[in-house]
1. Sort 34-40, 224-230, 189-195 for me by packing, meaning the mean count of neighbouring Cβ atoms within 10 Å per residue, highest on top.
2. Which whole-number percent is the relative contact order of the range 212-369 (Cα, under 8 Å, 6+ apart)?
3. Sorted by mean Cβ packing within 10 Å, highest first, what order do the peptides 15-23, 327-335 take?
4. Run through all the Cα pairs of the range 19-141 and give the fraction in each 10 Å bin from 0, expressed as whole percent.
5. Once you've got the Cα coordinates, tell me which of K55/K286; K102/K229; K248/K286; K175/K248 are over 27 Å apart.
6. Tell me whether the range 253-369 comes out rounded, prolate or oblate; compute the Cα gyration tensor, take square roots of the eigenvalues as a ≥ b ≥ c, and use a/c under 1.5 as the rounded threshold.
7. Contact order normalised by length for the chain, with contacts defined as Cα pairs under 8 Å and 6 or more residues apart; what percent is it?
8. Compute the angle between helix 281-296 and the longest alpha-carbon principal axis of the chain, please, reported from 0 to 90 degrees and rounded to the nearest 10.
Amino acid sequence: MKSVVNKVAVLGCGISGAVCASVLARNGVSVTVFESGRGPGGRMSQRRETTEDGKELFFDHGAPFFNVSDNNVMNLVHEWEARGLVAEWKETFRSFDCISCKFVDTEKDGSGKKYVGVPGMNSICRAMCHEAGVEAKFGITVGRLEWLDDINSWSLISLDGQNLGHFDGVVASDKNAVSPRFTGVTRRPPPLDLSLFPELALKLQDVPVHSCFALMLAFSEPLTSIPVKGISFRNSEVLSWAFCDSSKPGRSATSECWVLHSTAAYAKAVIRETGLQKPSNEALTKVVEELFEEFQNTGLDIPQPFFMKAHRWGSAFPAMKVAGEEKCLWDWKKKLAICGDFCVSPNVEGAVLSGTEAAKKLLEIFSCL
């Protein structure tokens with residue numbers, strides 16, 4: 001007798017959803033990943049930009065790298081390393097004080113091993129969403145999730161009304177799938193009706209998040225005036241970090257590319273002034289000018305770049321974790337799991353742990369049916 005293959009829909013192809021999909025597929029589950037963006041990665045996306053003269057530039061404009069402390073995540077990283085998806089970024093980070101305009105010490109938060117995707121941060125997600133048993137569908141936004149009691153399964157409808165199929169289980173790894181409060185930007189109701197899950201709704205309500213602006217810069221020559229490739233800023237109301245993207249393993253060295261991250265306070269002030277809608281070109285131009293001016297004010301002799309562009313991360317960092325030691329949220333009866341960095345900790349490792357645990361929960365549920 002042929003065994004039944006369970007079908008699971010995963011909403012979101014960031015690192016949490018991609019890891020979850022991979023674990024499920026390796027355990028015999030048929031997985032379909034729905035991602036509203038053009039490609040995988042979420043905040044681990046790599047941005048491709050083309051200059052007016054046709055030059056291609058690549059930026060890890062979200063998560064610049066990740067650290068690992070959990071043994072299970074380290075085992076995964078070793079597997080990714082063996083596959084050529086990940087490498088250690090062996091550069092020194094330092095703190096820079098914007099009052100004294102001096103480097104003050106080695107950056108403690110970046111003193112552990114720093115891992116990056118190769119050739120971009122999104123390489124891990126890209127590989128996992130194309131593993132055997134996983135089908136990835138990009139550019140599709142799930143508009144509605146309906147639980148069908150009569151057949152004990154989920155029905156997925158796209159935002160434009162397309163029937164996306166029936167699934168035995170659902171994993172929501174996209175913050176927008178469970179609550180618009182995560183970004184404050186998405187005005188439409190989330191596809192998952194949390195009124196059906198009052199206990200989960202209670203944990204997910206009013207989760208605070210910090211926004212962030214990223215500034216992508218490209219220079220014709222190396223910035224020899226900067227002695228390190230990663231900087232954390234102290235006593236700046238505008239900048240929090242700066243990274244030399246082109247110094248990472250597997251990156252092109254034809255141009256020197258840097259990514260600057262704003263402080264949460266700066267992003268909050270901009271959003272308060274411009275509103276929650278998609279930033280206008282005028283608003284982004286002002287952000288470019290203010291972030292770059294702060295970078296130049298360090299006195300580090302920063303030349304004019306030949307490329308500058310800003311991007312807003314509306315829900316860059318959740319300010320609290322909603323799942324605690326359980327690492328994900330789930331409903332046993334309806335075969336639903338919710339995972340993401342907002343469940344564990346606002347970093348790549350937290351997202352990986354949450355995605356892995358969500359997969360385990362669904363596998364436990366299926367094994368009992």
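Read-outs throughout are calculated quantities, based only on the coordinates presented, and are distinct from any laboratory measurement. Nothing here was measured: the structure is a model prediction, and the numbers come from that model. Positions of Cβ are generated from backbone atoms using ideal geometry, with glycine treated the same way; all protein chains shown enter the neighbour counts.
1. In descending order of packing, they fall as 34-40, 189-195, 224-230.
2. Here the relative contact order equals 22 percent.
3. With the highest mean Cβ count within 10 Å placed first, the list reads 15-23, 327-335.
4. In whole percents, the pair-distance histogram is 12, 32, 33, 17, 6, 1.
5. K248/K286; K175/K248
6. Taking the square roots of the gyration eigenvalues as a ≥ b ≥ c, the range 253-369 is prolate.
7. Across the chain, relative contact order equals 21 percent.
8. Computed tilt is about 50 degrees.
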